[in-house]
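Peer 1: First the structure, which I've put down as structure tokens, then a few questions once you've had a look.
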Amino acid sequence: MSNRRRLAPEESRDRALDAARALLIEEGPQGLTLKAVAARVGRTHANLLHHFGSAAGLQRALAERMAADITETIGQAVRAARAGIADPRAIVDLTFDAFGQEGAGALASWVILTGQTQVLDPVLDAIHRLVDQLGAEMGGGAEASRFIAENTLSLVLAALGHALLGPSMAGALGLPAETAREIALRQLLRAYAAEGKAG
């Protein structure tokens, strides 16, 4: 007879997502299976199927949670930088860290390669919502929204590329491993400077 404590459905789901995120960071997307998550939280495969429906459902739920966490953190950094409270470097570092050490880049590349691109929908939707919110907060209408959208696109693609190949490519070119991060920061600072002159 099992002595496992019965968890409320939301607590059980949250624990499974915590375990899934840890597995993603530790082992990469290939380690993100229902069996591995179930073993990590001491639950059954059937229990996870009940909560997520499938491995793709688990991945989507994890993507939703990661997207919410990442965009909230980056949104705060953008607001702080615009208010002069923080350095724009924080925006770049948070974005690069989210795609690198927090696993978003590995998850994105894996779901794209396996053809499960719908798993990324929550991430793309969360980024879109953040861009819309920041554009509205800036004022300036369509021009401000385009400024934020273009800089977001540039930064996210740089962070994703860095997560997948950055240090290796930099090494092959005889550059420091974090060169892509520094280039992204310079581009963001130039964009802010140009916006300030135009505004």
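Peer 1: Just the residues that are over 18 Å from PHE96 (Cα atoms) and not in a helix (DSSP H, G or I), please, taken from the range 137-192.
Peer 2: Selection gives GLY139, GLY140, LEU173, GLY174.
Peer 1: Right, here's the next one. Quick one: GLU64 ticks every box in (1) without any contact (Cβ under 8 Å) to a residue 12 or more places away in the chain; (2) of a type in the set (Asp, Glu); (3) closer than 24 Å to PRO9 by Cα bar one, so which box is it?
Peer 2: It fails just one condition, (1).
Peer 1: I would also like to ask the following. Can you pull out the residues in the range 14-32 that are surrounded by fewer than 18 Cβ atoms within 10 Å (Cβ to Cβ) and closer than 17 Å to VAL119 by Cα?
Peer 2: GLY28, GLN30, GLY31
Peer 1: Using beta carbons and a limit of 9 Å, which pairs, at least six apart or on different chains, have the first residue in the range 32-46 and in contact (Cβ under 8 Å) with a residue 24 or more places away in the chain and the second one exposed (fewer than 14 other Cβ atoms within 10 Å of the Cβ) and part of a helix (DSSP H, G or I)?
Peer 2: Listed pairs, sorted by first residue: LEU34/HIS45.
Peer 1: Checking the structure you have, find out if any residue of the range 185-195 is more than 19 Å from THR71 (Cβ to Cβ), of a type in the set (A, V, I, L, M, F, W, C), assigned by TED's automatic domain parsing to the domain that holds ARG79 and surrounded by 15 or more Cβ atoms within 10 Å (Cβ to Cβ).
Peer 2: yes
Peer 1: Of all residues in the range 84-101, count the ones that are of a type outside the set (Phe, Trp, Tyr), closer than 19 Å to TYR192 by Cα and in a helix (DSSP H, G or I).
Peer 2: Result for the range 84-101: 7.
Peer 1: Next question, about the same structure. Restricting the first residue to the range 145-164 and requiring it to be on the phi > 0 side of the Ramachandran plot and not assigned by TED's automatic domain parsing to the domain that holds ALA77, which pairs with a second residue that is part of a helix (DSSP H, G or I) and surrounded by fewer than 19 Cβ atoms within 10 Å (Cβ to Cβ) meet a Cβ separation below 8 Å and a spacing of at least six or different chains?
Peer 2: Every condition considered, no pair remains.
Peer 1: Outside the structural domain of ARG181 (by TED's automatic domain parsing) and either touching a strand residue (DSSP E or B) at 6+ places or on another chain (Cβ under 7 Å) or at pLDDT 85 or above (or both): does that describe ARG43? Outline the logic, then answer.
Peer 2: On the way: outside the structural domain of ARG181 (by TED's automatic domain parsing): yes; either touching a strand residue (DSSP E or B) at 6+ places or on another chain (Cβ under 7 Å) or at pLDDT 85 or above (or both): yes.
The answer is yes for ARG43.
Peer 1: Under 18 Å from PHE99 (Cα atoms), of a type in the set (Asp, Glu), touching a residue at least 40 places away in the same chain (Cβ under 8 Å) and in the same structural domain as GLU64 (by TED's automatic domain parsing) - does that describe any residue in the range 124-135?
Peer 2: yes
Peer 1: Run ALA38 past the list (1) surrounded by fewer than 17 Cβ atoms within 10 Å (Cβ to Cβ); (2) at pLDDT 85 or above; (3) not acidic (Asp, Glu) and report the number of the one that doesn't hold.
Peer 2: All conditions are met except number (1).
Peer 1: Among GLY103, GLY115, GLY141, GLY171, which is outside the structural domain of ALA19 (by TED's automatic domain parsing) and closer than 18 Å to ALA68 by Cα?
Peer 2: GLY103
Peer 1: Go through the range 102-120 and give me each residue that's in a helix (DSSP H, G or I) and surrounded by 14 or more Cβ atoms within 10 Å (Cβ to Cβ).
Peer 2: ALA104, GLY105, ALA106, LEU107, ALA108, SER109, TRP110, VAL111, VAL119, LEU120, listed by residue number.
Peer 1: Collect the residues in the range 157-197 that are of a type in the set (Gly, Ala, Ser) and under 27 Å from TRP110 (Cβ atoms), keeping them in residue-number order.
Peer 2: If the condition is that a residue be of a type in the set (Gly, Ala, Ser) and under 27 Å from TRP110 (Cβ atoms), then ALA158, ALA159, GLY161, ALA163, GLY166, SER168, ALA170, GLY171, ALA172, ALA177, ALA180, ALA184 are the ones that fit.
The values are calculated or read from the model by the stated rules, or taken from the named source; none is laboratory data. None of the values given here were measured: they were computed from a predicted structure. Positions of Cβ are generated from backbone atoms using ideal geometry, with glycine treated the same way; all protein chains shown enter the neighbour counts.
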